[in-house]
Amino acid sequence: MDVLQTLEKCILVPVIKLDSAESATPLAETLKANGLPVAEITFRTAAAGAAIRNISRDVPDVLLGAGTVLSVDQVKEAVDAGASFIVTPGFNPAVVDYCVDNKIPITPGINNPTGVESALSRGLSVVKFFPAEASGGVKMIKAMAAPYTEVRYIPTGGISAANLGDYLALKAILAVGGSWMVPSDKIKAGDFAAVGALVREAVSLAKRLRP
């Protein structure tokens, strides 16, 4: 099963900011144990590369992605550490072209039709819609889905348990990215029992809401 099929099966993509790479393995184990074997580790902190490496080594059956990737160098670092897919906040042609040329799965960030067409011109039919709520949310995705019927979206940004169902009701949604089930303060405190409970709740809710 390829990356996109796995993401669709998981429904949710936990977007994770780690201040310490030491938290990576217990967090990945928590995700897996509670029914969500996928993690997007963001390059918002210096710990990202080491965190990806730790998870790749210690919990290899968790589908591992790198998020907030802003440069080709970060792509190389992430893939070398063990990331299986790349996620960008915007559409950086240099990053996208490098991934496409090297057959690295990537979901580039877009929030308008021009971004969609940039992705399609490179053979990509799945994009990240970011920042989702600030960019028009469900209404914007519906509007773009009309002319671009083959495109699917992974909306991220401002999504929580409260509005998850609005997104999952759309056929154009492949999966939904979010951080509400992996709060940084709980991870930093080492409270993986609390994180596990949030993950279980999120997974259960997503399965109920997915048509």
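Any read-out appearing in this document is the output of simple, stated calculations on the displayed coordinates, not a laboratory observation. No experiment lies behind these values; they were computed from the predicted model shown. Virtual Cβ from ideal backbone geometry, glycine too; neighbours counted across all protein chains shown.
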Q. Which one of Asn112, Pro37, Thr6 has its Cα pushed farthest toward the positive end of the charge dipole of region 3-201, where Lys and Arg give +1 and Asp and Glu give -1 at the Cβ?
A. Asn112
**Q.** Of Ala47, Leu124, Val87, farthest towards positive along the dipole that unit charges on Lys, Arg, Asp, Glu beta carbons give the chain
**A.** Leu124
Q | Under the span-like rule (Cα at least 24 Å along the axis, Kyte-Doolittle mean at least 0.5), DSSP H helices of the chain | A | 192-209
Q: Work from the charge dipole of the chain (Cβ charges, +1 for Lys and Arg, -1 for Asp and Glu, about the Cα centre) and give the residue of Gly177, Leu18, Ser71 farthest towards its positive end.
A: Gly177
**Q.** Residues Ala193 and Thr114, FRET efficiency given R0 of 41 Å [Cβ-Cβ distance, rounded to 0.05]
**A.** 0.35
(Q) With viscosity set to 1.306 mPa s at 10 °C, what whole-number translational diffusion coefficient in µm²/s follows for region 66-211 from Stokes-Einstein and a Kirkwood radius over Cα pairs? (A) 99
Q: Using only the alpha carbons of region 118-163, determine the length spanned along each of the three principal axes and report them from longest to shortest in whole angstroms.
A: 33, 17, 15
Q. Counting Lys and Arg as +1 and Asp and Glu as -1, each charge on the Cβ, what is the dipole of region 127-178 about the Cα centre in debye, to the nearest 20?
A. 80
Q | region 1-100, dipole about Cα centre (Lys/Arg Cβ +1, Asp/Glu Cβ -1), debye to the nearest 20 | A | 120
Q: Calculate the dipole size of the chain relative to its Cα centre from +1 charges on Lys and Arg beta carbons and -1 charges on Asp and Glu beta carbons; express the result in debye to the nearest 20.
A: 540
Q.
For the pair Arg208/Ala161, report the inter-label distance in nm, with labels modelled 7 Å from Cα in the Cβ direction.
A. 0.9
Q | Straight-distance crosslink candidates among lysines, where the alpha carbon sits under 20 Å from Lys9 and sequence neighbours closer than 8 are dropped | A | Lys32, Lys128, Lys171, Lys207
